[in-house]
Amino acid sequence: MKQNSKKVALLMSGGVDSSYSAYLLKQQGYEVLGIYLKLHNKEEKHEVFIRNCKKVCEFLNLEFRIIDAQEEFKNAVYDEFIESYKRGETPNPCALCNPLMKFGLALNKAKEYGCEYIATGHYARISEVNGIKRIQEAFDKTKDQSYFLYAISQDAINRLIFPLGNMLKEDVKPKAFDALPILGDLESYKESQEICFVETDYIDILKKHTDVDKIGIVKDSNGNIVGEHKGYMQYTIGKRKGFSVKGAHEPHFVLKINPGDNEIIVGKKEELKTFNVIATNKSLPKDFNDGDYKAKVRYRSTPSDAKILIKDDKIIATLKEPVYGVAKGQALVVYKDDIVLGGGVIE
């Protein structure tokens, strides 16, 4: 199908952000196709979210489609989420879903529907640096989601529109409810979840697929047995509760997880400190120049000044200030100022 240079596929969740994005795109003169990406089997939620999307699209007189990608999502994201915890890691499903599903599968579908662009309600921006489009942090630093977008393809970035990237989150809701009165009561409109398929706690998901309640031993960093835990998958690096430590007079934190032996290693907060992080490179370009950059090791952390080099397809970050609780499976994202250069999965 021939692509329309003003046609954009907007991935809609049924929430305020993507609904207002639909309004803004139409105001900017785009022909908007609303798309709901059905990724998991929470039928009741799907019904509510799809109904919200349809309501917005009907109000704005937009075309709306549903893409059922449950099988692809299970194979690419959900199953890896389970396996990652089995390996004693802390996965980042959103960072995996974005390149494979939202800006992979959905982008390909959008092209089939004749769309030149793809848009979402993410809080991030697109900026051109030396003639190349890059992901840039959002204007609203408190809601910035650029960290989760580090692995999406250049083709996707070239087609991306983030209508909310230059807005403050606190301004979006009142503007959305003013522009779209069909959204109803502001206070009753709930935010979408960070991990879409987790209802309450990730443990509830794991329990459906594996035995998480396996009592094991707790060791200190010297290898001494100091207590007992409830099952290694119930812990992430930096966690300080849910296990016993004999004779401890100050808080202890999970330093390491040994899944093969069902044991966790714990220690004092100072032992969580590190200046060095290694990640498997996923998206830093081949022509990347080693040097001084900023690195982010978890979503809620502040980017740290770091020396970054690539060696044997590994990103090696040497931080100027220590970070605490670096976890395998999370993303190491490299920035130049507020521009995302790429990143990888922490080992």
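Structure data summary
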quantity: Neighbour net charge for Asp292 - beta-carbon separation under 10 angstrom, K R +1, D E -1; calculated: +2
quantity: Long pairs among Lys42/Lys74; Lys109/Lys133; Lys86/Lys208, criterion Cα-Cα beyond 18 Å; calculated: Lys109/Lys133
quantity: Reach of Lys311 by Cα under 16 Å, taken over lysines that are not fewer than 8 positions away in the same chain; calculated: Lys282, Lys286
quantity: Rounded Å value of the spacing that divides the Cα centres of segment 1-62 and segment 251-303; calculated: 37 Å
quantity: Sequence-separation-based contact order of the chain, relative, with Cα cut under 8 Å and 6+ spacing, percent; calculated: 15 percent
quantity: Probe 1.4 Å, accessible area per residue of segment 3-61, Å²; calculated: 44 Å²
quantity: Under 13 Å, Cβ to Cβ, from Leu255 - net charge with Lys/Arg +1 and Asp/Glu -1; calculated: +4
quantity: Spatially proximal aspartates and glutamates relative to Lys273 (Cα-Cα < 20 Å; intrachain offsets below 8 disregarded); calculated: Glu89, Asp220, Glu250, Asp305, Glu321, Glu347
quantity: Label point distance in nm, Lys230-Ile278, each placed 7 Å from Cα along Cα→Cβ; calculated: 3.4 nm
quantity: Anchor Lys173: lysines whose Cα lies under 24 Å away (excluding residues fewer than 8 positions away in-chain); calculated: Lys26, Lys45, Lys54, Lys55, Lys102, Lys141, Lys143, Lys190
quantity: Mean Cβ count within 10 Å, highest first, over the residues of peptides 238-247, 162-171; calculated: 162-171, 238-247
quantity: The chain, accessible surface, carbon-and-sulfur percent (1.4 angstrom probe); calculated: 47 percent
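The values are calculated or read from the model by the stated rules, or taken from the named source; none is laboratory data. Quick caveat: nothing in here was measured; it's all calculated off a predicted structure. Every residue, glycine as well, gets a Cβ built from its backbone with ideal geometry; the counts of neighbours run over all protein chains shown. Each accessible area value is taken on the protein alone, full model and side chains, heavy atoms only, with ligands, DNA and RNA left out. Shrake-Rupley method; radii C 1.70, N 1.55, O 1.52, S 1.80 Å.
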